[in-house]
Amino acid sequence: MDRDQAVREIADCIDETLRLQARVTELTEEVSQAVGMAVDRGLRAKVTGLFFGVLAHLEELNRLVREEG
């Protein structure tokens with residue numbers, strides 16, 4: 001894989017991760033409402049934290065590719 005391809009793939013992964021984060025957050029809220037619970041801020045925080053780690057890793061990969069290129 002060349003540098004440009006890696007940068008494109010990382011960007012695609014970031015976009016996919018952000019879409020998935022939004023969908024998981026939406027689903028969390030929908031399920032909470034369906035079972036009659038108030039939306040738990042703790043659950044939102046867990047989703048945010050989970051995806052924060054993924055995004056941080058992708059940004060680190062992006063930084064490495066750009067610095068080495």
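The values are calculated or read from the model by the stated rules, or taken from the named source; none is laboratory data. What you see is a predicted model, and the numbers here were worked out from it, not measured in a lab. Cβ atoms come from the backbone with ideal geometry, glycine included; neighbour counts cover every protein chain shown.
For this structure, a couple of remarks:
- Where a residue in the stretch 31-47 is farther than 17 Å from Q21 by Cβ and free of Cβ contacts under 8 Å to residues at least 12 places away in the same chain and its partner, wherever it lies, is of a type in the set (V, I, T) and surrounded by 11 or more Cβ atoms within 10 Å (Cβ to Cβ), with Cβ under 8 Å and at least six apart: Q33/V39
- Only one of the numbered conditions (1) small (G, A, S); (2) part of a helix (DSSP H, G or I); (3) loosely packed, with under 10 Cβ neighbours inside 10 Å is violated by A22, and that is (3).
- Single condition V65 does not satisfy, out of (1) in contact (Cβ under 8 Å) with a residue 60 or more places away in the chain; (2) hydrophobic (A, V, I, L, M, F, W, C); (3) surrounded by fewer than 13 Cβ atoms within 10 Å (Cβ to Cβ): (3)
- Residue match in the stretch 30-41 (condition: part of a helix (DSSP H, G or I), under 18 Å from the mean Cα position of the chain (by Cα) and not basic (K, R)): no
- For the stretch 25-48, taking the residues that are loosely packed, with under 15 Cβ neighbours inside 10 Å and among the hydrophobic types (A, V, I, L, M, F, W, C), the one that is nearest to R66 (Cα to Cα) is identified as A45.
- Check on L43, modelled with pLDDT of 95 or more and hydrophobic (A, V, I, L, M, F, W, C): no
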